[in-house]
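Here's the structure we're looking at; comments come further down.
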Amino acid sequence: MAPDVVNFEEGEAFAQRMDAEDPLRHFRDEFLFPRRKDGEPAIYFVGNSLGLQPRKAKQYVVEELEDWERLGVEGHFHARHPWLPYHETLTAQTARLVGALPLEVVVMNTLSVNLHLMMVSFYRPTRERFRILIEGGAFPSDQYAVASQARFHGFDPKEALLRLEPRFGEDTLREEDILDTIDRHGPELALVLLGNVNYLTGQAFDMKAITRAAHERGCRVGFDLAHGAGNLRLSLHDDGPDFAVWCSYKYLNGGPGTLGGVFVHERHAHMPGIPRFEGWWGHDKATRFEMGPDFVPLPGAEGWQLSNPPILQLAALRASMELFDQATMPALRLKGDLLTSYLEFLLERLPPGIVHIVTPRDLKARGSQLSLRFTKEPKRLLARLVEAGVFCDFREPDIIRAAPAPLYCSFLDVYRFVRILESHARD
């Protein structure tokens, strides 16, 4: 049922009824929750930072440890899930997750490493076209990466980086301002690189419109999907950016510091002359073990691989990706919209002036995160939430990010979270 046709109610009974009718409720049992002091599961609203551990993650990792013990190097070929092609077991699931062709995706490296590898290929500045369009409020790692890439090519980041900022007095960017900036500065832009969901505000951007506008002005386009993969319903192939990168430890529940992913659009799949940093795992599989001196890239995203992947990390991620594939992103996004709309409904009934929702109200412009600005001692509130067994996080100077991830969070979680906020407001 869509959020706009649900008549939300304030009482706990409504939350319990929504949970009882939730077709995805059984997925909650597939995850391990931190416990409150009374032994009950915590309210975990920080999956936008680190997702919960799937129950099968330990089993899958232990299986690989056992095969390593039993087989040694022969595990590459004879493990229960042979290591040599192990990353390929995630390819089809990953493609479905981000709306891509299998040829266009690969699980490899970590996010910032992948971002640099993609900019090696798709940030090719000239004297006339050298600027990079980014959000002024982009995650710091992205800002460091683009600044260092500009500097590497001999440009001053102060001139090379064109930063998008909200209008005075506003928290988020307006789409018309993004498109207008691309139109006005198009001849100077070598690359448009945005997070498709801003980490601080939770604002999601129209990737298709941005990509179309940038390509019309001759710019390359990339997206950081750190807060989008496993959160939004994506359609990378149809939207058409040149590349995208993401991590897997947030909404994708792959474990701390685990592997990221890369999308390279099909139109670049059979262009071996694209500049890139080369490594042997990106070499043609048919001749890889001939150990020849000349690099022959695999077609598609796999051709950007450098080294053979870490199997233990892949095993942990596989446990979560199986669940996403079973749940499907359309169903998860529908539940996610219900959860955030319900949270919004309850927050609006708190005493006036206590909280301001920074994240856009339009469901098409957000995912499962609401960024909340509190006027009354936000750090004290955070400590109170921690004491009550609520996991969310704080961003200076006054924002608490709450992300009820639909794969394992419940409507009762949302109800109880807001009751704690209400208690703080009335103190």
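So the values come out like this:
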{"item": "Share of pairwise Cα separations in the range 250-387, more than 17 Å, in percent", "result": "75 percent"}
{"item": "Prolate/oblate/rounded call for the range 74-113, Cα gyration tensor, a/c under 1.5 rounded", "result": "oblate"}
{"item": "Sites matching chymotrypsin sites (Phe, Trp or Tyr not before Pro) across the range 253-347 that sit in DSSP coil, with at most 16 neighbouring C-beta atoms within 10 Å", "result": "F277, F295"}
{"item": "Average accessible surface area per residue within the chain, 1.4 Å rolling probe, Å²", "result": "43 Å²"}
{"item": "Qualifying lysines (Cα of each under 17 Å from Cα of K335; at least 8 residues distant if same chain)", "result": "K364"}
{"item": "Burial ranking of peptide ranges 110-116, 394-400 (average Cβ count within 10 Å, highest at the top)", "result": "110-116, 394-400"}
{"item": "Of all accessible heavy-atom area on the chain, the percent that carbon and sulfur account for (1.4 Å)", "result": "54 percent"}
{"item": "Contour minus Cα-Cα distance for F168 and R25 (0.36 nm per residue)", "result": "47.3 nm"}
{"item": "Under 30 Å from K158, Cα to Cα: lysines that are on another chain or at least 8 residues apart", "result": "K208"}
{"item": "For the range 101-162 versus the range 359-427, the gap between their alpha-carbon centres in whole angstrom", "result": "32 Å"}
{"item": "Estimated dipole of the range 155-302 in Debye, rounded to 20 [Cβ of Lys and Arg +1, of Asp and Glu -1, Cα centre]", "result": "300 debye"}
{"item": "Of Y60, L338, V113, farthest towards positive along the dipole that unit charges on Lys, Arg, Asp, Glu beta carbons give the chain", "result": "V113"}
{"item": "Fraction of beta bridges assigned by DSSP in the range 194-328 that are antiparallel (%, nearest 5)", "result": "55 percent"}
{"item": "The range 79-181 - charge dipole about Cα centre, Lys and Arg +1 at Cβ, Asp and Glu -1, debye rounded to 20", "result": "500 debye"}
{"item": "Reach of K285 by Cα under 13 Å, taken over aspartates and glutamates that are not fewer than 8 positions away in the same chain", "result": "E88, E302"}
{"item": "Relative contact order of the chain, pairs being alpha-carbon contacts under 8 Å that are 6 or more residues apart, as %", "result": "23 percent"}
{"item": "Where only alpha carbons of the chain are counted, the Rg and the Dmax (Å)", "result": "22.4, 72"}
{"item": "DSSP beta bridges in the chain [antiparallel fraction, %, rounded to 5]", "result": "55 percent"}
{"item": "Max mean-square fluctuation residue, GNM over the chain, Cα-Cα springs under 10 Å, options T287, T91, T126", "result": "T287"}
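The values are calculated or read from the model by the stated rules, or taken from the named source; none is laboratory data. Keep in mind it's a predicted model, so treat the numbers as computed, not measured. Every residue, glycine as well, gets a Cβ built from its backbone with ideal geometry; the counts of neighbours run over all protein chains shown. Ligands, DNA and RNA are stripped out before the accessible areas are found, and what is left, the full protein with its side chains, is counted by its heavy atoms. Shrake-Rupley method; radii C 1.70, N 1.55, O 1.52, S 1.80 Å.
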